[in-house]
Each structure stands twice: as structure tokens, then as C-alpha cells.
Amino acid sequence: MANPMIEEWVKEILADPISKLPATAESIGERDGIIDARRYLKNTAGFVSWQHGQEFYEAWDKQTIEDYKTEIEGVAPVYDQIKMRGRVLDVGGGAGTVRHFLPRETEFVSVDPFVDYRKGLDPRKLQAYPCLREPLNFIAACAEFLPFQFGSFDWVHMRSMLDHVQSPDLALMEARRVLRPDGRLVIGLYVDGGKSGRRSLDRQLKEIARTILVSIGVNRYRDHHTFHPTFANLTKLATDNGFRIDDVFWQPQWHDTVCYLTASVEGGNRIATASSENN
């Protein structure tokens, strides 16, 4: 499999994840040749739960083998609908499988707190996703503290990750900050209650069973998601943080339970514009 790399265009937009000022890889920090921009909200409510969930996810990812052909077939309609081009930031993107659906000329970078993501790449996954054999711009980072300068990207892509972050609001504030004035956000997520907003009886019974099992110490059924937004919750989260919903696509494979929001920065990214004018 290909090793991570950092192309020149990525180096030019690097920023300290806290101060947001231009920075170098060396000043941000490195681990095993990877830029390590991970910063945490260690004394904020929810950190311990988030940390346990992240550890669970990383262990699961290293051990899990999927039907990758079926996975690709299920996801393909999403990216037939949503055409990302230009400069794309994949937040929580790991090995960057979404590259499989993007034009080759796309400028792409993945950020993820899972710094050892390569250890979970099964040979069958490498075969299904040829892009995984190509060099990847990868930085270890958290969604709440992105190591990029204002207005750096045409697209910010967040698939199956927003219900794993410690602070969804802060993650979307950061997405807005690094988008260009005409940039767009994609959020792909399972929503509680699906399109109708109502949990099915089957889902209700499963959640009751889960709660009982966890209460008696069967931790293998513990839910490691940080929150379970309904569709209304998700759209409110986006609009509260300065986005305008442009389109909603329900992934056919999941029968109106997984949606992809495409959103624009409301009124253009004034922060990015002001920053550009001051430089």
C-alpha cells in the first residue's frame, strides 16, 4: 500500500490547529513521518466517552472485513449525485476511499485522529479500491481543530463521522472556516428515525435490548456514538453553524435512513474573505 505524503499545495495551507496561523509540519509536530496535528478537549464534558469510542472504533477497523464490492455499489449513487471537484478535504476520511469516486485531478487531503489507519487495510480492500495503492495526503487531526488556513478548500466532506466527534458544533465551525467563500460541505450520516423522523418498532426494541444488556455488564453492545441526530437535528446543526442546505440525497441502499446533506456557507465565508484581504 502507498505511504502518506504531503504535497506542496498542502504544505502551503498548513496552519497551527489552535492559533490558525500559518505553520510548518515541523512546528505542528510529527509521528512516524506523519504530521500529528491532533489536539483534544481533554477537560470538556464527553472527552472520556469520546476517547473510549475512538479506541473501540480503531480496534474494530483493524479487524473488520467488509463486502467491499457491495459497499462500493451502495455508495456509488451518492457520488453520481454529488460531484466534488477542485480541492477536497475529507474529515475523518482515514485511508481516503472516497477518492475512488472523484476525478483523478482532484486535490485531496484526508484528516483523521486514527494515525495508524494503514494497519487496518485488508488486501481485499486494496483490491476493491485501487486508489488506496496511490500516495495519500494524510494528516492526523481532529475535526474540531483542523490544521489548515482560512478559506483553503472547495469542498469539506464528512461521511459517517459527525456522530463520532466530541463537539459537532465545533467541527462544523471548523469546516466553515476552512471553506472558500463559494465552498460546499457534504455530511453523510445515519439519522435516527430516518426520513420520516420516527423510529421503527424493530429499532425501538433493539435499543431497549441494548440498554438492558449494557446495564448488566455486556459491554460488547455499548453504543460508542457520541450522539444520534434526527434529520431535523442534523439540518439544525448545519444551519446553526452558518450553512445553507442546498440538497438532500437519501442513499438508496439504506432505505431512507442514511442521508447526504450538501450545504453552502450562508452568505459566503466572510471570515475567509476578510482573512484573504488582510494577507
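Note on segment 31-50: among residues that are surrounded by 14 or more Cβ atoms within 10 Å (Cβ to Cβ) and out of contact with any Ser or Thr (no Cβ under 8 Å at 6 or more places or on another chain), the one that is farthest from Gly94 (Cα to Cα) is Phe47.
Are any residues in segment 65-86 in a loop (DSSP other than H, G, I, E, B) and without any contact (Cβ under 8 Å) to a residue 40 or more places away in the chain, and if so, which ones?
Selection gives Asp67, Lys83.
Among the residues of segment 13-49, which ones are outside any loop (DSSP other than H, G, I, E, B) and over 29 Å from Asp169 (Cβ atoms)? Those that are outside any loop (DSSP other than H, G, I, E, B) and over 29 Å from Asp169 (Cβ atoms): Glu26, Glu30.
Search segment 87-129 for residues being assigned to a strand (DSSP E or B) and of a type in the set (D, E, K, R), and hand back the single one that is nearest to Arg180 (Cα to Cα). Only one residue tops the list, namely Arg87. Criterion applied to His255, His225 was being in contact with a His (Cβ under 7 Å, 6 or more places away or on another chain) and modelled with pLDDT under 95, and the one residue passing it is His225. Applying a threshold of 6 Å to beta carbon distances and a minimum spacing of six or more residues, or different chains, the list of pairs starting in segment 245-261 at a residue that is closer than 15 Å to Val75 by Cβ and ending at one that is among the acidic types (Asp, Glu) and assigned to a loop (DSSP other than H, G, I, E, B) reads Trp250/Asp256.
Of all the numbered requirements in (1) loosely packed, with under 14 Cβ neighbours inside 10 Å; (2) more than 21 Å from His224 (Cβ to Cβ), Ala15 misses one, and that requirement is (1).
State yes or no: is Ile65 at pLDDT 95 or above and more than 16 Å from the chain's Cα centre (by Cα)?
No: the conditions fail for Ile65.
Selection within segment 156-171: residues that are in contact with a strand residue (DSSP E or B) (Cβ under 7 Å, 6 or more places away or on another chain) and of a type in the set (A, V, I, L, M). The member of this set that is nearest to Val88 (Cα to Cα) is Val156. Of all the residues in segment 127-148, those that are free of Cβ contacts under 8 Å to residues at least 60 places away in the same chain and closer than 22 Å to Ala37 by Cβ number 1. If Met173 passes every condition in (1) in contact with a helix residue (DSSP H, G or I) (Cβ under 9 Å, 6 or more places away or on another chain); (2) touching a residue at least 40 places away in the same chain (Cβ under 8 Å) but one, which one does it miss? If we test Met173 against (1) in contact with a helix residue (DSSP H, G or I) (Cβ under 9 Å, 6 or more places away or on another chain); (2) touching a residue at least 40 places away in the same chain (Cβ under 8 Å), just (1) comes out false.
All told, Asp80 falls short of being charged (D, E, K, R), at negative phi and surrounded by 14 or more Cβ atoms within 10 Å (Cβ to Cβ).
The values are calculated or read from the model by the stated rules, or taken from the named source; none is laboratory data. As the structure is a prediction and not an experimental result, all values here were calculated from the model. Glycine gets a Cβ as well: all are built from the backbone with ideal geometry, and neighbour counts include every protein chain shown.
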